[in-house]
Each structure stands twice: as structure tokens, then as C-alpha cells.
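Colleague: The structure under discussion is supplied below as C-alpha cells; questions concerning it will follow.
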Amino acid sequence: MKRLKIVATLAACVMSLGLVAGCSQSTSSDTASEAGASKSSVEQTEAAYPVTIENNGVEWTYESAPEKVIAADYVAAQLMCALGLEDHVMMIAPGDYDLADVSAEYQDTIEAMTMFDESQLNFGVVPTFEAVLATDPDMVIGNFYTFMDSNAGSIEKYVESGVNAYASEGTYVEQPTLEHVYNDIANLGLIFDVEERADELIAELKAREEAVVEALADVDEATPVFVYDFDTEGSINTTGGTTLEDYLISLAGGKNVFDSLNTQYATVSTEEIASMDAEWVIVNAYTSILGDDSESKIETLKSDALYAEVPAVVNDNFKVVRVINVQPGLQALDVLEDLAQTLHPEAFE
């Protein structure tokens, strides 16, 4: 799925466009892009270590809980905070996001963390591999796009250097769901020996998901939704049928009008968009790299005569969603609840 998807896309204009002592890694036969959900195994000793986690095509072994962790974006930082592990985070990077994008519950804690200097960041969002190594970390947590050579360094580099890397599952599996968020939490619970807290957090999130599903049980017809992701070379990028955002729309009682596209993101023509008769437009707001571009996107749709008859435009049905909320992390539950109430307010009366 994403991200640094926007970074990789923008970088394409320039370049053709996430160790503890004694830990070990071995490369899996799967490639990163083909890797499925993480698998974990625990050799039961007195301290429940070593712990081996299969993630992003590699088996990573932890002899003890990592003490020096880099959170390569705010999504990872929030997961650490929610598990009570903020003291393990020694350095952070923003990823594609602003601090204002972070859940209010964790903003103060994350703001107090040590940020990489601008000179240590690639594209202003992720640390360079050299900056990572300079901090002598035990572990780096990010997403699939974090661990690209042009971003924070390839997975192969982390294996070679002996630094454990964890990429959120929902950014590299073929069809991400909320289960992959829960798997991330469970895996981090094992890695840091906080399984009880991880189980509690998963239960809290699943209860919220189930409440939405229950509220929408009597909804007979899904609401057609178009996702305006970002502009590229005069065209519009939208989300296809293999993203967490598509999954969340469906779970919220909507139907992504481009869900038949068997891809994460795709460029679509103005004529294709106009013909879909979307009743709502979700506007993905990239606040970090592009500034808050949501108003300009809305104006694009309102000012083009081609969209004059599209129900969402006629009824001014625009829902701005900050990109962090549709990433595999804690805030995915926030946007699920918000979208469900937006698309089917009658179900929550």
C-alpha cells in the first residue's frame, strides 16, 4: 500500500519517479513486494526471548526488547506511545505528516521526542541510512516505503548492518485490512514483551470496528465514493481496490467507484471521474509535503463544467481526510468511524 508513496512518486521526478545485542537476521525466499503478513514465533525461555518475527520478507530475531528505537514516521511513533513504549523511542522522523495530523492523545508526547535534523532527512520526511546508522539504533520502525534505498535505506542494508527493521504489514501485503494493524500491534507486543497491553489495545480497536459494522448492519446500499488522492501531471490520482483506504470505505458502507482497478493508486481521466456519479468525494490531504492541498482539489472539481452534474459536486459532499488516517495505524479507526457517520448518518441516530 503506502507510504512514503507520495515521496516515491515525487522522487520519481528527480530519480525516475522501517539490533539488539546479539540479534540475527536471515533473508526470506520471498521478495519484499511478495511478502505476506508477518509471522511470529517465540522460543519459550524464562524471559520469553529470543523472539523471531517474519516481516517484509525477512526473519528478524530479538534477544531482548530493543532499547534504542527509531520511529521513521508519526504512525510508528503513535503505536509505540499506545503500547507505553515511548521511552524506547530515541529519534523520530515525521514521514509524510505534520504534527497536527497526529491524534491529540499523543501529540504532546511525540512533540517532546527528538527529531532528526532537516539535514539528516531525505525529502524532508525520512532519515537517510547514514543518519540512522549514526544513532546506533537497535531497531527502526516504519513502512514498506521507508525501507527503499532512496529513502531510509533498503532492507538488505539493514540486514547487513545488523539493525532490525519493522515495516507495517498493511504497507506491503496485497490487500491490507485492519487485521494487519492488529498484527503489527501483536508483533510489537512480542518484540517488546508487552503482550498484555498489546492484547488490550487490539481488543479496544476491534470493539470500535465491530461497533461500526453493527451500526451499519441494516444499510442495504453502499454509497458511491470517489477518492481524490493527488494531482500528477495535470491528471488526478485515485485509490484503486488494493489499499486500506478502499477497505475502510467498504467497511464504512461506501463503494469506491474505482475499486475494480486491481492496483493501489492509478491515474484516471476527467471523463472517467465524471461518469462515475459519485455521491461523495474523499479528498486526501497531504499536509506535510504539499501543504494542505484539500481546498485546491475541491476547487478543481467545482470549477470544471465536466463535473457539474456529479452528485457529490452538486450537493457539496466533500470529505477531507488527512492521509495519515488512511495508513495502517491507530488512526484508521478514527477515519472508519468518521466515514461511516458521514456516508450513513441515519444509522447513528
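Colleague: Full-extension gain between A100 and K157, please, as 0.36 nm times their residue separation minus the C-alpha to C-alpha distance.
Modeller: Details: separation 57, 0.36 × 57 = 20.52 nm, distance 3.22 nm.
Residue separation times 0.36 nm, minus the Cα-Cα distance, leaves 17.3 nm.
Colleague: Okay, moving on. Considering the dipole of the chain built from charges on the beta carbon (Lys and Arg +1, Asp and Glu -1) around the Cα centre, which of T128, A72, V335 is farthest to its positive end?
Modeller: So the residue furthest toward the plus end is T128.
Colleague: Counting only C-alpha contacts under 8 Å and six or more residues apart, can you give the relative contact order of segment 153-281 as a whole percent?
Modeller: Values: 161 pairs, mean separation 27.5, N = 129.
Answer for segment 153-281 is 21 percent.
Colleague: Okay, which of segment 245-265 sit inside 18 Å, backbone N to the point 7 Å along the Cα-Cβ direction of S235?
Modeller: It comes to 257-265, nothing else.
Colleague: So how much accessible area does S168 have, in Å² to the nearest 10, using a 1.4 Å probe?
Modeller: Number for this one is 10 Å².
Colleague: How much of the DSSP bridge set in the chain is antiparallel, in percent, rounded to the nearest 5? Present the calculation step by step, with values, prior to reporting the outcome.
Modeller: Details: 22 of 45 bridges.
Among the beta bridges of the chain, antiparallel pairing accounts for roughly 50 percent.
Colleague: Taking the Cα centre of segment 262-349 as origin, work out the dipole magnitude from +1 charges on Lys and Arg Cβ and -1 charges on Asp and Glu Cβ, in debye rounded to 20. Can you show the working numbers first?
Modeller: Values: 4 positive and 16 negative charges, 63 e Å.
That gives a dipole near 300 debye.
Colleague: Rolling a 1.4 angstrom probe over the protein chains, ignoring ligands and nucleic acids, what is the accessible area of E210 in square angstrom, nearest 10?
Modeller: Approximately 120 Å² for this residue.
Colleague: Here's a follow-up. Modelled label-to-label distance, D87 and A134, 7 Å Cα→beta-carbon offset: nm?
Modeller: In this crude label model, D87 to A134 measures out at 2.8 nm.
Colleague: If you stretched the chain out fully between A207 and K68, how much longer would it get, using 0.36 nm times the residue separation minus the C-alpha to C-alpha distance? All intermediate terms of the calculation are to be shown ahead of the outcome.
Modeller: Working: separation 139, 0.36 × 139 = 50.04 nm, distance 3.22 nm.
Here the answer is 46.8 nm.
Colleague: How large is the accessible surface per residue of segment 193-337, computed with a 1.4 Å probe and reported in Å² as a whole number? Write down the numbers at each step before the final one.
Modeller: Values: 6370 Å² over 145 residues.
Accessible area per residue, segment 193-337: 44 Å².
Colleague: What whole-number volume per residue, in cubic angstrom, does the convex hull of the C-alpha atoms of the chain give?
Modeller: Details: hull volume 46.5 nm³, N = 349.
It comes to 133 Å³ per residue, whole-number rounded.
Colleague: Further, regarding this structure: Taking a 1.4 Å probe, which of Y265, Y247 shows the most accessible area, and what order do the others take after it?
Modeller: Working: Y265 35, Y247 55 Å².
I get Y247, Y265, largest accessible area first.
Colleague: If I stretch the segment between A48 and T300 completely, what's the gain in nm (0.36 nm per residue apart, minus their alpha carbon distance), one decimal?
Modeller: Length difference between fully extended and current span is 85.2 nm.
Colleague: To the nearest 20 debye, what charge dipole does the chain have about its Cα centre, counting +1 at the Cβ of each Lys and Arg and -1 at the Cβ of each Asp and Glu?
Modeller: The calculation lands at about 720 debye.
Colleague: Let me ask another. Based on Cβ point charges of +1 for Lys and Arg and -1 for Asp and Glu, what charge dipole magnitude is obtained for segment 188-302 about its Cα centre, in debye rounded to the nearest 20?
Modeller: Working: 6 positive and 26 negative charges, 50 e Å.
Dipole of segment 188-302, to the nearest 20 debye: 240 debye.
Colleague: Send over the semi-axes of segment 116-231's equivalent ellipsoid, whole angstrom and largest first, taken as the square roots of 5 times the C-alpha gyration tensor eigenvalues. It would help to have the intermediate numbers written out before the result.
Modeller: Working: eigenvalues 224, 89, 26 Å².
Here the semi-axes work out to 33, 21, 11 Å.
Colleague: So the label point goes 7 Å from the Cα of D149 along Cα→C-beta, right? Which residues of segment 124-141 then have their backbone N under 17 Å from it?
Modeller: Correct set: 128-130.
Colleague: With a cut-off of 8 Å between alpha carbons and a minimum separation of six or more residues, what is the relative contact order of segment 72-120 in percent? Present the calculation step by step, with values, prior to reporting the outcome.
Modeller: Numbers: 47 pairs, mean separation 21.3, N = 49.
Worked out over segment 72-120, it gives 44 percent.
Colleague: Ok, one more. V219 to D117: FRET efficiency via 1/(1 + (r/R0)^6), r the Cβ-Cβ distance, R0 41 Å, to the nearest 0.05? Could you put the intermediate results ahead of the total?
Modeller: On the way: r = 49 Å, r/R0 = 1.20.
That pair, V219 with D117, gives E of 0.25.
The values are calculated or read from the model by the stated rules, or taken from the named source; none is laboratory data. Every value quoted in this text rests on a predicted model; they were computed, and no experiment measured them. So basically every Cβ, Gly included, is an ideal-geometry build from the backbone, and we count neighbours across all protein chains shown. The protein model used for the area step is the full one, side chains on, heavy atoms only, and it has no ligands, DNA or RNA in it. Shrake-Rupley method; radii C 1.70, N 1.55, O 1.52, S 1.80 Å.
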